[in-house]
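Report on the following structure.
The values are calculated or read from the model by the stated rules, or taken from the named source; none is laboratory data. This one's a predicted model, so the numbers in the text were calculated from it and none came from an experiment. Here the Cβ positions follow ideal geometry from the backbone for every residue, glycine too, while neighbour counts run over all protein chains shown.
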């Protein structure tokens, strides 16, 4: 759900329809934060070089809580950067499945499974990459009136 190096930061579960942005945290790990939090944080950052250098030595707040995505969630990436598109043969907009590539400790495991079969670690997304949460599960949903018609597992 959230990479191992982000577990000590405040976090929350994503909501369907939410717009998220990739952010490289002070730990060096890329995670997802809400677009609203990211935009506010980015606007508050100093623009001048001298001020930014001074800010390197103070603890700067992160843009907001890490937004955790469950494995199997469907996301829509928008405006994928040209280097990532070329490296993995992607389109500028892609629907992806959120997955984990490992269960080992101290290893980045959050990844995106693209329609062309390529699996890309979340760490490779550029700062500011937009991801829209389409569904928190890849399982098809039933309308309430269809629920009683669905076969029960094991029957």
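So here's what we get for this one:
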read-out	value
Every residue from region 74-86 that is within 20 Å of residue 14 (Cα to Cα) and surrounded by 14 or more Cβ atoms within 10 Å (Cβ to Cβ)	74, 75, 76, 77
Residue check for residue 89: at pLDDT 90 or above and loosely packed, with under 12 Cβ neighbours inside 10 Å	yes
Every pair of residues 6+ apart whose Cβ atoms lie under 7 Å, when the first sits in region 15-44 and is at positive phi and in contact (Cβ under 8 Å) with a residue 12 or more places away in the chain while the second is assigned to a strand (DSSP E or B) and buried (at least 17 other Cβ atoms within 10 Å of the Cβ)	17/133
Residues (out of contact with any strand residue (DSSP E or B) (no Cβ under 9 Å at 6 or more places or on another chain) and without any contact (Cβ under 8 Å) to a residue 24 or more places away in the chain) located in region 87-101	91
Single condition residue 111 does not satisfy, out of (1) modelled with pLDDT of 90 or more; (2) farther than 14 Å from residue 132 by Cβ; (3) surrounded by fewer than 17 Cβ atoms within 10 Å (Cβ to Cβ)	(3)
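One line per residue, one yes/no per condition, for (1) over 20 Å from residue 135 (Cα atoms); (2) modelled with pLDDT of 90 or more; (3) out of contact with any helix residue (DSSP H, G or I) (no Cβ under 9 Å at 6 or more places or on another chain); (4) assigned to a loop (DSSP other than H, G, I, E, B):
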position	(1), (2), (3), (4)
42	yes, no, yes, no
47	yes, no, yes, yes
54	yes, no, yes, no
63	yes, no, no, yes
72	no, yes, yes, yes
